[in-house]
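First comes the structure, then the notes that go with it.
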Amino acid sequence: MKTFITSRRETLKLLGATGTVAALGAWSIPARSNGNAGHVVVVGGGFGGATAAKYLKRYNPSLNVTLVEPVERFYTCPFTNLYLGGLRTFESVGHDYEELKRRYGVNVIHTTAQDIDGANHTVRLGDGSTLRYDRLVLSPGVDIRWDALAGYDEAAAGKAPHAWKAGDQTRLLRRQLEAMEDGGLFVLSAPDNPYRCPPGPYERVSMVAHYFKNHKPRSKVLLLDSKDAFSKQGLFMDGWEQVYGNMIEWVSLSNDGRVVRVDADRLEVETEFGERHQASVLNVVPPQKAGWIADRAGVTDQSGWVPVKPETFESAQVRDIYVVGDATVAAPMPKSGFCANAQAKVAAMAIVSSLAERPMPPASWANTCYSLIAPDYGISVAGVYSVQDGAIAEVEGSGGISPRDVGADFRRREARHAVGWYNAICQDTWGTQPA
Amino acid sequence: MINIMQNTTRYLTPGLLLLAGLVFSSAQAEEISYDHAAMLAGSCFNCHGTDGRYGEDSIPSIAGNSREVLLAQLQAFKRDETPDTTVMNRIAKGYSEAELKALADYFSSIRD
């Protein structure tokens, strides 16, 4: 197994390779204790949790790491829009836990976490057993607020899917798109901030439009929005016009875009000022909150999300519980898989440092979110983040969105980078190779 | 190699300097520590794979590349001197010169 922090031989190799640093005494690689250095339980095996488990073992192989994740195969939300657009199979966004088990020695338990007792440092599992932890990582993702939008409950989602968690909902939406007749209307209701994947609704309508353009060209896309502005807005709207003409219509909050009532039986939505829209396929992206286990752990606040200490992503409310990913309040970092992975590495370093009673190096995160407008038309937003004056902030001068005034070649290269990014982050998170 | 201390100390009063000298005495020897470099590099893995080893036609592997070449590339991205870049110029601007050097050190040191 390749580990990079403990081996003396690798230390020497590293110092030799970097030349001058040895003479300065820099990069003295911290020695980690052997034997059982502590037990860290990770709840949730998505981008945040799987990355945390892997990097805990990389940073200190003598840690005992247990990952609790119900499914044996995890399907990512990123790239499900490409599945909906017909660009890839659903299986191609699935990943397993074999590398974490075999290469990194993570103990993976496929069950649910039922309850968390922060005072006693225990997790109760779905099989009735209890795990004791020295540190806990929670990567609970998001849950739907079933009480936030009139008429939209779990039964309604069986007719008007949200498809905002990858799985049966995603496949249901794809089947509905396939069954729709040419000339139909696809309606997507987008929520107010914050929610998982800020550019997600806009990439989704792009991919649905791509499918329509090729298979049902008389169809239309209506995006009803609870916001007046959205991620990469100018780039998306340029691209929609260039690629899809007037197929996609976006209705902002100010233009009565906010959906206040859903009638899933009739596939009808009603907006704030009483206008009704009848859909052929209705996709409701509802308001969200941190995954429910975060409530059980006592780490959520009144907003329904999880406040964290910026330097470490330890809960601001419960000691020794670290929370990463979409569940956290980490703005200006977006709720993205990239950020969940980056946060998990910081949390893993913080845990390893705290268990070894060593200082934590300054935290650093980055993000790049690619969106596809068409298979050869990609756009991106990037950012680099650090802790400034006690809060997470974007490093001045860094990041930003793709330029607007560039040609097709630039968009084509960003579309290829999107696929390269997906393959690389899945390798870094689960160790899986592209399907 | 890496000189963050000069910039930090410039703005401190003599009294604070003494205190800073105590607090930073170990940091001064290490400057950007290995853990710090590993954490900076961690963000790069999301597109270049773990330790920069994953590469395909659109995104190159960067593991084990020459330190000098990596640093020159990062500096060129940061200064907008690489005309055909799409995103690396936006990312490189998020890192100080010392951090770029630490990243070049980190990825050049990766061996099988």
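The values are calculated or read from the model by the stated rules, or taken from the named source; none is laboratory data. Given the structure is predicted, the values throughout are model-derived calculations rather than measurements. FYI the Cβ positions are ideal-geometry reconstructions off the backbone, even for glycines, and counts take in every protein chain you see.
Taking the condition of a type in the set (S, T, N, Q) and part of a strand (DSSP E or B), does A:Asn246 pass?
Working: of a type in the set (S, T, N, Q): yes; part of a strand (DSSP E or B): no.
Taking the combined requirement at face value, the residue does not satisfy it.
When we screen A:Met247, A:Met333 for residues that are surrounded by fewer than 23 Cβ atoms within 10 Å (Cβ to Cβ), touching a helix residue (DSSP H, G or I) at 6+ places or on another chain (Cβ under 6 Å) and farther than 29 Å from A:Arg218 by Cβ, the only hit is A:Met333. Quick check on A:Gly118: is it over 23 Å from A:Gly325 (Cβ atoms) and of a type in the set (Gly, Ala, Ser)? No. Taking residues in the range A:118-133 that are in contact (Cβ under 8 Å) with a residue 40 or more places away in the chain and closer than 12 Å to A:Val43 by Cβ, and partners anywhere that are part of a loop (DSSP other than H, G, I, E, B) and not hydroxyl-bearing (Ser, Thr, Tyr), the pairs with Cβ atoms closer than 6 Å and at least 6 places apart or on different chains are A:Tyr133/A:His121.
Of the residues A:Asp192, A:Asp182, A:Asp225, only one is closer than 23 Å to A:Ile379 by Cβ, touching a Pro at 6+ places or on another chain (Cβ under 9 Å) and surrounded by fewer than 19 Cβ atoms within 10 Å (Cβ to Cβ); which? Break it down into steps so the answer makes sense when it comes.
On the way: A:Asp182 fails: closer than 23 Å to A:Ile379 by Cβ; A:Asp225 fails: surrounded by fewer than 19 Cβ atoms within 10 Å (Cβ to Cβ).
Sole residue among the options that is closer than 23 Å to A:Ile379 by Cβ, touching a Pro at 6+ places or on another chain (Cβ under 9 Å) and surrounded by fewer than 19 Cβ atoms within 10 Å (Cβ to Cβ): A:Asp192.
Contact map, the range A:153-180: first residue among the β-branched types (Val, Ile, Thr), second residue surrounded by fewer than 20 Cβ atoms within 10 Å (Cβ to Cβ) and at pLDDT 95 or above, Cβ cut-off under 9 Å, separation 6 or more or different chains; pairs are A:Thr170/A:Phe90.
State which residue is nearest to the other protein chains (Cβ to nearest Cβ) when the search covers only the range B:79-92 and only residues that are under 16 Å from A:Ser380 (Cα atoms) and not β-branched (Val, Ile, Thr).
Start the filter on the range B:79-92 by keeping residues that are under 16 Å from A:Ser380 (Cα atoms), which leaves B:84-92.
In the following step, the residues that additionally are not β-branched (Val, Ile, Thr) were identified as B:84, B:88-90, B:92.
Numbers: B:Asp84: 8, B:Met88: 9, B:Asn89: 9, B:Arg90: 5, B:Ala92: 8 Å.
Checking each candidate, the answer is B:Arg90.
When only residues in the range B:43-63 that are more than 9 Å from every other protein chain (Cβ to nearest Cβ) and under 23 Å from A:Tyr59 (Cα atoms) count, which is surrounded by the most Cβ atoms within 10 Å (Cβ to Cβ)?
Taking the range B:43-63 first, the residues more than 9 Å from every other protein chain (Cβ to nearest Cβ) are B:52, B:60-63.
From what's left, under 23 Å from A:Tyr59 (Cα atoms): B:52, B:61-63.
Values: B:Gly52: 24, B:Ser61: 17, B:Ile62: 26, B:Ala63: 20.
Only one residue fits best here, namely B:Ile62.
Listed by position, the strands (runs of 3 or more DSSP E) inside the range A:303-410 whose residues that are at the interface with chain B (Cβ under 9 Å from one of its Cβ atoms) number at least 2 are A:364-374, A:377-388. Look at the range A:358-373: where a residue is under 13 Å from A:Thr312 (Cβ atoms) and a partner is part of a strand (DSSP E or B) and among the aromatic types (Phe, Trp, Tyr), sitting 6+ places away or on another chain with Cβ atoms under 8 Å, you get A:Ser364/A:Tyr385; A:Trp365/A:Tyr385.
Hey, among B:Leu103, B:Leu40, which residue is farther than 22 Å from A:Arg413 by Cα, facing chain A (nearest Cβ under 8 Å), in contact (Cβ under 8 Å) with a residue 24 or more places away in the chain and among the aliphatic types (A, V, I, L, M)? Talk me through it step by step, then tell me what you get.
On the way: B:Leu103 fails: facing chain A (nearest Cβ under 8 Å).
Only one candidate passes the filter, namely B:Leu40.
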